[in-house]
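Data block below; observations after.
The values are calculated or read from the model by the stated rules, or taken from the named source; none is laboratory data. All values derive from a computational prediction rather than experimental measurement. Heads up, the Cβs are rebuilt from the backbone with ideal geometry, glycines too, and the neighbour counts pull from every protein chain shown. To get the accessible areas, we keep the full protein, side chains included, count just its heavy atoms, and leave off ligands, DNA and RNA. Shrake-Rupley method; radii C 1.70, N 1.55, O 1.52, S 1.80 Å.
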Amino acid sequence: MIMKIIITRKKIKNLILKINDNSEILISAPYYVSEVYINNFIKSKEDWIKKQLEVIKNKNNNNNLSYNNGEEFIFLGKKYNIISDISLISKCFIQNNNFYILSPDNLFNTKHKIVQDFIIKNLDFIFSDICSKLSQKVGLFPKSIKIRDMKSRWGSCNIKTKNITLNYRLYLKPIEAIEYVILHEICHLLYPHHQKSFWDFVAKFMPDYKIRKKILNKS
Ligand SMILES: [Zn+2]
C-alpha cells in the first residue's frame with residue numbers, strides 16, 4: 001500500500017497522527033524526534049492506518065478516484081460505473097448506470113479537469129434552476145449564486161449583498177438535499193438567524209426539510 005505521509009515539525013511533546021479525507025497521513029512531530037523514530041511510530045500504527053484508509057475509500061466523496069474503468073463515480077447521490085476511453089473530444093456524460101469519461105489521454109490530471117468541468121457546468125445549471133423555482137415560491141430573490149469549495153458549510157448567504165454561496169461538493173448529494181440547502185439560504189434573506197421563526201418559514205415551503213437535512217448530512 002502506498003501511503004502519502006506528510007511530516008510537520010512542531011513545538012509539541014508527542015507525535016500526533018491524523019489522516020485527512022484525501023488519504024494523506026499527517027504527522028506532527030516534536031523537533032527533537034528522529035526520522036527513524038517517526039518511521040517506527042508509523043509502522044506500529046500501520047494496521048490502524050490501513051483500516052482508516054479503507055473507511056475513507058468507502059466514503060461517498062469521489063476523493064480517491066483515479067478515473068479508471070471499474071471505479072464508482074458519485075453524482076447527485078447516485079453511483080455510476082466509470083467507463084474511461086480515449087477520444088479526440090474531451091467530454092463526460094451519463095448513460096444508464098455509466099459515467100463516461102472521454103479524454104485525449106489516460107492521464108489523471110487530464111481526466112480530472114474534464115470531470116471538474118462536467119461537474120461545474122451541471123451545478124451551474126442545477127443551482128440556478130432550483131434557485132429560480134424556489135425564489136418564485138418564497139418571494140425572495142438572491143442577486144447571485146456562487147459556487148465555492150467550502151470546508152465546513154454547505155451554503156452561506158450574505159444578507160447585505162444578497163449573494164448566496166453554495167458548496168461545490170453538493171454535486172455529491174441528491175437533488176432533494178440540494179433543494180433544502182438552497183431554500184435554507186434563500187430564507188436567510190428574510191431571517192438572518194436560526195431562530196424558530198426562521199425554521200417555521202423554511203417548513204412553510206418545505207414541510208419535509210428535516211428529512212432532507214438528514215439526507216444531506218449522511219456519509
Ligand atoms: Zn443557516
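Every residue in region 125-176 that is hydroxyl-bearing (Ser, Thr, Tyr) and within 14 Å of the chain's Cα centre (by Cα), please. Let's see the steps before the verdict.
At the first step, the residues of region 125-176 found to be hydroxyl-bearing (Ser, Thr, Tyr) are 128, 132, 135, 144, 152, 156, 161, 165, 168, 171.
Residues satisfying the conditions are Ser152, Tyr168, Tyr171.
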In region 195-208, what residues are surrounded by 12 or more Cβ atoms within 10 Å (Cβ to Cβ) and within 12 Å of the ligand (Cβ to nearest atom)?
-> Phe198, Trp199, Phe201, Val202
Determine whether Glu179 is open to solvent by less than 20 Å² (accessible area, probe 1.4 Å) and not hydrophobic (A, V, I, L, M, F, W, C).
-> no
Exactly one of Lys143, Lys162 is touching a Pro at 6+ places or on another chain (Cβ under 7 Å) and over 12 Å from Ile182 (Cα atoms), and that one is Lys162
Write out, first by first residue and then by second, each pair whose Cβ atoms fall under 7 Å of each other, whose residues are 6+ apart or on separate chains, and whose first residue, in region 83-104, is assigned to a loop (DSSP other than H, G, I, E, B) while the second is surrounded by 12 or more Cβ atoms within 10 Å (Cβ to Cβ) and modelled with pLDDT under 95.
-> none
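Residue-wise test of (1) within 16 Å of the ligand (Cβ to nearest atom); (2) open to solvent by 30 Å² or more (accessible area, probe 1.4 Å).
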position	(1), (2)
Ile114	no, no
Ser144	no, yes
Asp149	no, yes
Ile164	yes, no
Region 105-125, residues that are without any contact (Cβ under 8 Å) to a residue 24 or more places away in the chain and either among the hydrophobic types (A, V, I, L, M, F, W, C) or in contact with a Phe, Trp or Tyr (Cβ under 8 Å, 6 or more places away or on another chain) (or both) = Leu107, Phe125
Given the conditions (1) in contact (Cβ under 8 Å) with a residue 40 or more places away in the chain; (2) surrounded by 21 or more Cβ atoms within 10 Å (Cβ to Cβ); (3) within 15 Å of the ligand (Cβ to nearest atom), report the number of the one that Leu189 does not fulfil.
-> (2)
Here are some conditions: (1) under 27 Å from Lys204 (Cα atoms); (2) out of contact with any strand residue (DSSP E or B) (no Cβ under 6 Å at 6 or more places or on another chain); (3) open to solvent by 50 Å² or more (accessible area, probe 1.4 Å). Gly70 meets all but one. Which one does it not meet?
-> (1)
Those residues of region 25-42 which are surrounded by 13 or more Cβ atoms within 10 Å (Cβ to Cβ), not in a helix (DSSP H, G or I) and not polar (S, T, N, Q) amount to Ile25, Leu26, Ile27, Ala29, Pro30, Val33
